[in-house]
Every structure is written in structure tokens, then in C-alpha cells.
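Please read the structure below before turning to the comments.
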Amino acid sequence: MTTNMIDTRTAESAHLPTAAIAAAEAARSRADFAKSAPKAFRALVGFDAAAREGLDPALVELIQIRASHLNHCAYCLHMHTNDARKAGENEDRLHLVAVWREARHFYTEKEQAALALTEAVTLVADGGVPDDVYAEAAARFDDRELAQVLALICAINTWNRVALATAKVAGTDERR
């Protein structure tokens, strides 16, 4: 009997994520931002695409993952960790990005500067963007790149807020 219970639980747990995601999505009762505000949605998509231009795709995903951690946005975190994996990102770096300061050797100095700036801009209400954080980013990026990084940080923070406000469900990715 114990074996049957274990087998049953194993079989149930194998289907739980897909079934749970579908149930959570079906229960969602908040506005669909893309359908309800299509011009704003398209503008945000355009802003996001413009912000990424010329930036290393690995850096883009690290910034988006870190901001999504800080904003507690499971929907975006799930999406961007999957995007990073598809782009060939190392699993160790994905697992450690939330604690990158304790694992600096996994990230370049440029990535560290971008992650510090991401934290400062995302948590701007906690004391602004410190001069030393901005100066370090400015030392690692040229003016155009720095502006692109700032735009990307603003874009992901906006996406996080839209996803959280509309109760987007982690595990669903409407881009597909």
C-alpha cells in the first residue's frame, strides 16, 4: 500500500505543475493589460526592444532576473530565467544572481556594475541611486550603453509592476 501511495503521489506530482498553472491562470480575474490597453502595451514592447539594442543578451537577462527578484515577480523571473537558459546561460550564474555580491567571481566587473545599478534603480525609494554605484556603472559602460542599461532597468521594472498588478501566473508565457 505504501508503494502504491508513493507511485500515485509521484504520478500526481508529475502533472501538478501543468495542472496547477492552468488552474491558476483560469482563476485569474484581473484585466489583461495587452488587450485592455493595446497602445500602452505596444509602446512598452517598443520601449523594451529599444532598451535592449546593442546590449549583450546575457547582460540583458541578468538585469531582468535581478530586478524581478527584487520586485518578487515570479512571472517575469520564470520567463527570464528560461530565456537565459535558452540563450546558453550557465546554471550556476542563474542560481547565484540573487546573491551576486557573495559570488562575484561568477560575474564580470561590467555585469557586477550593471547588477548594482539594477538594484539601486529598482529600490530607488530606499535612498536614490548612490553616486558610487552610478560612477562604477559609468566607468564600465560608455554613455550610450549606460543609457541603454538604464532604459532596460526601467522597462523590466514596468513589466514587473504590470505583471504583479494583473496577477500574471508564473509558468505562462504569452509571447509564444
Legend entry - Odd one out for residue 72 among (1) part of a helix (DSSP H, G or I); (2) at pLDDT 95 or above; (3) open to solvent by 30 Å² or more (accessible area, probe 1.4 Å): (1)
Legend entry - Every pair of residues 6+ apart whose Cβ atoms lie under 6 Å, when the first sits in the stretch 40-68 and is on the phi < 0 side of the Ramachandran plot while the second is among the polar types (S, T, N, Q) and open to solvent by less than 20 Å² (accessible area, probe 1.4 Å): 63/118; 66/118; 67/118; 67/122; 67/157; 68/160
Inset, instruction - Return the total of residues in the stretch 26-56 being touching a Leu at 6+ places or on another chain (Cβ under 6 Å) and exposed (fewer than 11 other Cβ atoms within 10 Å of the Cβ). - result: 0
Legend entry - Lone qualifier among 84, 116 - being over 12 Å from residue 65 (Cβ atoms), in a helix (DSSP H, G or I), open to solvent by less than 30 Å² (accessible area, probe 1.4 Å) and touching a Lys or Arg at 6+ places or on another chain (Cβ under 9 Å): 116
Inset, instruction - Scan the stretch 88-110 and report the pairs whose first residue is within 20 Å of residue 137 (Cα to Cα) and part of a loop (DSSP other than H, G, I, E, B) and whose second residue is open to solvent by less than 40 Å² (accessible area, probe 1.4 Å) and among the charged types (D, E, K, R), with Cβ atoms within less than 9 Å and a gap of 6+ or a chain change. - result: 107/93
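The values are calculated or read from the model by the stated rules, or taken from the named source; none is laboratory data. In this text the structure is predicted, and so the values were computed from the model without any measurement. Every residue, glycine among them, receives a Cβ derived from its backbone with ideal geometry; neighbour counts consider all protein chains shown. Protein only, heavy atoms only, side chains kept; ligands, DNA and RNA dropped before computing areas. Shrake-Rupley method; radii C 1.70, N 1.55, O 1.52, S 1.80 Å.
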